[in-house]
Every structure is written in structure tokens, then in C-alpha cells.
Amino acid sequence: MDVIGVWRKSSYSSGNGGNCVEVAGGARGVAVRDTKERTRGMLWVSPSGWRGFLAAVKVGEFDR
């Protein structure tokens, strides 16, 4: 799994180390990890899966 680029923190993450996620784009998809638990692994998502996830977030599908 070749993750390329730089890990970026979510713009919704708090500045005090709260609930944060980081993402890194690669040639075969996007990796997602917990900022506080970086050594515990990552979730790897295909490009189409990531696009679908972002589209669902933008229309409020996951809003409580």
C-alpha cells in the first residue's frame, strides 16, 4: 500500500488534540488514520469509495 503525499489533518479537528483524523492520498486510494493512535494502523479506501463518502458527507447523510 503505497501512501504518497503528506498526512493532512481534518479541517474540522480541534486545535487542542481532540477528536482528529488524518488523510493521505495515494495512487490507489486514500488512507485515513486516527491522529492520536497513528501506530494502530489505517483505513484504506478506494478512490471511488472515497468520492462516495465525500458526496454523502456533503449532503448531510451522516448528520445526527
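Miscellaneous remarks
- Total residues in segment 14-64, condition at pLDDT 90 or above and of a type in the set (S, T, N, Q): 2
- Count of residues meeting criterion [on the phi < 0 side of the Ramachandran plot, surrounded by fewer than 15 Cβ atoms within 10 Å (Cβ to Cβ) and among the small types (Gly, Ala, Ser)] in segment 27-41: 1
- Taking the criterion of being in a strand (DSSP E or B), out of contact with any Phe, Trp or Tyr (no Cβ under 6 Å at 6 or more places or on another chain), closer than 14 Å to residue 8 by Cα and not β-branched (Val, Ile, Thr), the residues of segment 18-64 that qualify are 25, 26, 33, 34.
- Among the conditions (1) loosely packed, with under 12 Cβ neighbours inside 10 Å; (2) touching a Gly at 6+ places or on another chain (Cβ under 9 Å), residue 44 misses just one, which is (1).
The values are calculated or read from the model by the stated rules, or taken from the named source; none is laboratory data. Just so it is clear, the structure is predicted and the values come from calculations on it, not from any experiment. Counting neighbours? That spans all protein chains shown, and the Cβs are built from the backbone with ideal geometry, glycine included.
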